[in-house]
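A quick write-up on the structure given underneath.
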Amino acid sequence: MEVLQLLVSGLANGCVYGLIALGFVLIYKATEAVNFAQGDFMMLGAFVTLGLTNAEYMDLPFWIAAPLAISIMAVLGYLLDFFILRHLFGQSQTAVVILTIALGFVLRFVAGLIWGHEPQTLESPLALGDVQFGGVVLGMADVAVIVVTFLLTWSLYQFFQRTKLGLAMQAASQNQMAAYFMGIPVRRVQGLIWGLAGATAAVAGILFASKGAIDPNAGLLGIKAFAAAVIGGFGSLPGALAGGLIVGVIEPFAARYLAAGYSQIAPYALLLAVLIFRPHGLFSQVRVKKV
Amino acid sequence: MRIHFKTTYEQDIRLFPDLWTACVYGALILLAFALPYLINEFYVGEVTNVLIWAIAGLGLMLLTGQTGQASLGHAAFLAIGCYTNTILIEQGLPFIIAFPLAGVITGVVGAIIAIPALRLHGIYLAIATIALSILADDIIVLLEPWTGGVSGKFPEMISIFGFEIERWTMPTRFYYLVLVVTIICTLFYRNLLRSPLGRAFAAVRDSEVSATAMGVHIARTKATAFGLSCMITGWAGALMGYYAGTFNNETFSIVISITLLMMIVIGGLGSIHGAFFGAVVVAFLPQGLSILKDGLIGGGVAIPGLETGVFGMILILFILFEPMGIYGRWLKIRIWFELFPFARKDMFRRQKSYLKTERLR
Amino acid sequence: MSLLEIKNATLKFGGVVAVNDLSFSVEEGEVYAIVGPNGAGKSTVFNLISRFYEPYAGEFTFDGQNLLDRAPDEVADLGIARTFQNIELFDHATVLQNLLVGRHRHRKSTLIEELFFAPRVRAEEHRHREAVEEVIDFLDLQPYRNKMIAGLPYGVRKVVELGRALASGPRLLLLDEPASGLSVEETQDMRWWIDDIRKQMGITVLMVEHDMGLVSGVSDRVLALADGAKLAEGTPAEVQSNPAVIEAYLGAGAV
C-alpha cells in the first residue's frame, strides 16, 4: 500500500513537472528556443489566480478566477513575445536562453513585490477533501492534477497533429524563411505559441497551488521540469509528460529508499544519464542536418 | 581617425597592433599596479573583487563568446578550483604549485565532464550544466571528509617562498596576487585568439559543417575549449575562496553560475574587454543599488530579490538594444568620435537573419 | 590510377534511394562536372565524399587510400577541400580569419605552445599568412581582407568560400554550385578562376553546377545524373547532345 501511495503522490507531482515541461516543448517546437522562465510563468499563474480568488485580495469565485487567470497569462505570454522576444528574431538560441533566464529573475522580483515572499495557499475547491480507494488515501487535488494534465496533453497533441495552425507552428520553427514563402505568418504564429505556453503555465500553477503553498521562488521547480523535458525528448509533447511523470515518481521513491543526500540527486543523475546514453531523450528520433 | 598602414604580417600577429594601443594598455597596467598607492584599502578590496570576477568571466567568455557554447554551470567549476586548491595546500603542497595545479585539474575534470554533453547541441549543454551546478551542492555535502560539507572550509594563509599573503590583513598583497593572475589569464586568452586553436573555436561557433570540412575535429575542439574555460574558472574559484575567507556547499550556487553568464553578456560577448566591463557591473551593482535605495526610500528596508531583479532588467534591455554589450556600445561611441562629424546612424545597423533549424542534427 | 574513384556507391534515406549504384572516377588534373536536375543527388555525392553521410554500399578511394576509413574531419588532411551550396562561412569572423581556418589542417603547434604563443607558433602564423595572402591576391580579395563576413555581399562570400578551400592547399577541390546566384560577370570570373586553379595550381576540380555555359566552358568531362544514377558521361558536347539527358531535363517528347 505504501508503494501505491508513493506512486500516486509522485504521479501528481510529476504531472506538474510535466505541465511545465509541456510549456518548454510547446515553445521549442514552434520557435526552436527554450523558455527558461517557464517555471516562473507557472509561479505567476498561480499568484494571479490567488490574487483573484483569495479572500484577502479580490475574492472572486474560483471558477471565474481560474479561467480569467489563464486568459491573463495567455495575453501576458503573447505580449512578452510581442514586446521582447520578437525583437530577437533570428538571433542565436543562446541569446533567447539568457533573455528568458533574466525574465525569470524579473518575474520573481515582481511577484515578490506584489504578493510578498511568505508562502501562501490558494483557496481552491480542488484542495478540499480526500478520496479513499481501498487502503490508499488520495487528495482530491492529486486526482484533479492527474486528470487535468492528461486532458491537456491529449488536446495539445491533437492540436499539433491535426489542425492546420498546429502544423503551421511546426513548419515555422523548422525553416523560418521557407515558412514565410509558404504564407505562414511566422511572427504571429510564434506569438500565439507564447500565449499558449502562458496558458499552460497558468493551468500548471493553479494545480500546483491547489496541492500546497506557493512563494515567488516556486518557479525554480522549472529546473526539474527541464530534466523532465530532456528525459522525454525535447520536441515531443507526450514525451514531456512522460518525462515529468518519471521525475515525479523517482523523487518520493528515492527519498524513501535511498540514503539522505543521494535522494535529491536522483532526478539530475537520471538527466545526465539520459544525456549521455540517449541524448535526444527517451522518446525521440535523431536525424542529421542537410547541407 | 587613426590610419593603420601595415608593412609586415607581424603587425596583425603581435600582441598590440600599433604603438598607440601598446602605450594605452601599458599605461592601464601601470595604473593598476599603482592603484594601492592612490586609493584606500577598502576600495583596493573592491577592485580585487572586480578582478576575480573578471577572471571567471574570461573563463566563461572563452566558452560562450568564442566557441558559442552556453554553460549555466560554471559555479561548479569555481567550486572545483576552490576546493582543489585548498585541499592540495592542506596536503602540504606549496601555493605556487597547488594553485596552478588546481586550475589544471579543474580543466581536466571539466573536459571529461563535457565530452558527453558536447556531442549535443547548444540547449542540451545548457541544461546538462544546470544539472551539474545543482548536483555540485549535493556532491560537496556527500564528500564531507574532504570538503567539510555544510560547515565548510577556511583557506590557509598563502605563502610564496615565505612571503605571506592574506586577504583581510594584507589586502594590498592579495590585490597584487590577483592582478598577476588576471594579467596571465588575459595573456593566455589573447594568445589563443591569435593562434589556430582560437580560430578553430570561432569556426565551431559559426558553422560546424564547414569547420569539419576544413579539418577541425568538432568534439575535440569543443572539449578543449571547455577544459581551458574550466581551467581559468578554476583559478578564479580558488581566488574567490581566499577573498571570501570561508566557503561551503552553498557558496558556489547556481545563482553564481547564472550571474556569470549574464555578466559576460552585459559586458559584451566574444571580447576580453567584455569580461572586465561585466565584472565591474556585477561587483558594483549591489553597492550602487543600496545607495540608490537608501536615497529613495530610506535605509533599513530590505527588498528581497532586488539585485537579481534589477540585474535581469538591465540584461533584457541590453539584449534588446545592445546585443554586443557594454563593449559594443563603447566601440560605437569611440568610432562616432573618431569619425566626427561623419558618423551615420545606419553604420551600425544589424543584419537581419533567419533562423534555420539545428534540430535535425 | 585515378585520383578519386567511386565504385557502386549507394545511399538510402529511409526508403528513398538518393544515390543508386553510382560509379565514376576523376583523373588527376582534370575538371570534372556533375550535372543533373534538382534532387538528382549531386550534392549528396559531395556529402558522401566529405564523409558527412555514411554510404549504404560502395567503395570510395582517394589517391589509393580508402576514404571510408576516415572521419569527416580527416578528409581535409588527405587534401580534399570543398565549398557549400548555401555558403557555410564563419559569419562573425573576418575574411582573413576565414581563410586562415582553411589552413587548419597544417596546424603543427600544440595547445601549450599556443597558450604561451611560442616562437614556433609565431613562425607558423607567418607561413599561414603568406599562403593566405597568395590566395587573396589570386582571387582579388584585398579590399575585403579585414571585413566581417556578415556584412559582405553574396557574390563576395561565394569567392571567400572558394578562397578558404584553396587556402588549405588541396589536391582535390569540390565546388558545390560555384556559380549559383552569381551575376554574369561574376560567373565569368569564376570560370577564369577555375581554369587557373587547374592550370596554374595543378588542383583537380570536381564540381556540381547548373550553369551549362560554365560547365561546357571549363570542364573536361561531364557526368549527368538523374535520380541518383548515371545517365551519361563524356565530354560536355557529348553529354549535352545525349537524348537521355535532354529527356531528363526537358521531359519526354522534346527530342
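Every residue, every condition in (1) away from chain B (no Cβ under 11 Å); (2) touching a helix residue (DSSP H, G or I) at 6+ places or on another chain (Cβ under 8 Å), yes or no:
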site	(1), (2)
A:LEU156	yes, yes
A:GLN170	no, yes
A:ARG188	yes, no
A:GLY195	yes, yes
A:ASN217	no, yes
A:PHE226	no, yes
A:LEU237	yes, yes
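Considering each residue of the range B:96-138, count those that are of a type in the set (Gly, Ala, Ser) and facing another protein chain (nearest Cβ under 9 Å), and give that number. Break it down into steps so the answer makes sense when it comes.
Initial filter on the range B:96-138 (of a type in the set (Gly, Ala, Ser)): B:98, B:102-103, B:107, B:110-111, B:114, B:117, B:122, B:126, B:128, B:131, B:133, B:136.
Checking which are facing another protein chain (nearest Cβ under 9 Å) leaves us with B:117, B:122, B:126, B:128, B:131.
Selection size over the range B:96-138: 5.
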Spot the failing condition for A:VAL97; the list is (1) crowded, with 16+ Cβ neighbours inside 10 Å; (2) closer than 18 Å to B:ILE316 by Cβ; (3) more than 9 Å from every other protein chain (Cβ to nearest Cβ), and only one is missed.
(3)
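Residue-wise test of (1) away from chain C (no Cβ under 14 Å); (2) touching a Ser or Thr at 6+ places or on another chain (Cβ under 7 Å); (3) surrounded by fewer than 16 Cβ atoms within 10 Å (Cβ to Cβ); (4) closer than 21 Å to B:GLY234 by Cβ.
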site	(1), (2), (3), (4)
B:ILE140	yes, yes, no, yes
B:ILE183	no, no, yes, yes
B:ASN191	no, no, no, yes
B:SER195	no, yes, no, no
B:ALA200	no, yes, no, no
B:GLU208	no, no, no, no
The condition from (1) of a type outside the set (S, T, N, Q); (2) farther than 30 Å from B:LEU142 by Cβ; (3) out of contact with any strand residue (DSSP E or B) (no Cβ under 6 Å at 6 or more places or on another chain) that B:ILE165 misses is numbered (3)
Could you go through the range A:188-204 and let me know if any residue there is surrounded by fewer than 24 Cβ atoms within 10 Å (Cβ to Cβ) and at pLDDT below 85.
yes
Taking the condition assigned to a helix (DSSP H, G or I), away from every other protein chain (no Cβ under 14 Å) and free of Cβ contacts under 8 Å to residues at least 40 places away in the same chain, does B:LEU239 pass?
no
What do you reckon, is A:ALA204 away from chain B (no Cβ under 13 Å) and either part of a helix (DSSP H, G or I) or touching a Pro at 6+ places or on another chain (Cβ under 6 Å) (or both)?
yes
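Select, from C:ALA33, C:ALA18, C:ALA40, C:ALA81, the only residue that is touching a Ser or Thr at 6+ places or on another chain (Cβ under 8 Å), away from every other protein chain (no Cβ under 14 Å) and either crowded, with 17+ Cβ neighbours inside 10 Å or not in a strand (DSSP E or B) (or both).
Working: C:ALA18 fails: away from every other protein chain (no Cβ under 14 Å); C:ALA40 fails: touching a Ser or Thr at 6+ places or on another chain (Cβ under 8 Å); C:ALA81 fails: away from every other protein chain (no Cβ under 14 Å).
Going through C:ALA33, C:ALA18, C:ALA40, C:ALA81 in turn, the sole match is C:ALA33.
When you look at B:ALA126, is it crowded, with 22+ Cβ neighbours inside 10 Å, of a type in the set (A, V, I, L, M, F, W, C), in contact with a Gly (Cβ under 8 Å, 6 or more places away or on another chain) and touching a residue at least 24 places away in the same chain (Cβ under 8 Å), yes or no? Give the derivation first.
Values: crowded, with 22+ Cβ neighbours inside 10 Å: yes; of a type in the set (A, V, I, L, M, F, W, C): yes; in contact with a Gly (Cβ under 8 Å, 6 or more places away or on another chain): no; touching a residue at least 24 places away in the same chain (Cβ under 8 Å): yes.
Judged against the criteria, B:ALA126 is not a match.
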Inter-residue pairs, beta-carbon under 9 Å, first facing another protein chain (nearest Cβ under 9 Å) and in the range A:263-281, second in a loop (DSSP other than H, G, I, E, B) and crowded, with 22+ Cβ neighbours inside 10 Å, 6+ apart
A:HIS280/A:GLY233; A:HIS280/A:PHE234
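Only one residue in B:LYS356, B:LYS345, B:LYS352 is over 18 Å from B:PHE276 (Cα atoms), touching a strand residue (DSSP E or B) at 6+ places or on another chain (Cβ under 6 Å) and either modelled with pLDDT of 85 or more or not small (Gly, Ala, Ser) (or both). Which one?
On the way: B:LYS345 fails: touching a strand residue (DSSP E or B) at 6+ places or on another chain (Cβ under 6 Å); B:LYS352 fails: touching a strand residue (DSSP E or B) at 6+ places or on another chain (Cβ under 6 Å).
So the residue among B:LYS356, B:LYS345, B:LYS352 that is over 18 Å from B:PHE276 (Cα atoms), touching a strand residue (DSSP E or B) at 6+ places or on another chain (Cβ under 6 Å) and either modelled with pLDDT of 85 or more or not small (Gly, Ala, Ser) (or both) is B:LYS356.
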If you take the residues of the range C:115-173 that are surrounded by 22 or more Cβ atoms within 10 Å (Cβ to Cβ) and small (Gly, Ala, Ser), which of them is farthest from the other protein chains (Cβ to nearest Cβ)?
C:GLY163
Examine the range C:47-68 for a residue that is within 10 Å of another protein chain (Cβ to nearest Cβ), more than 29 Å from C:MET190 (Cβ to Cβ) and surrounded by fewer than 21 Cβ atoms within 10 Å (Cβ to Cβ), and state whether such a residue exists.
yes
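The values are calculated or read from the model by the stated rules, or taken from the named source; none is laboratory data. All figures in this text were calculated on a predicted structure; none of them were measured in a lab. Note that each Cβ is placed from the backbone with ideal geometry, even for glycine, and that neighbours are counted across all protein chains shown.
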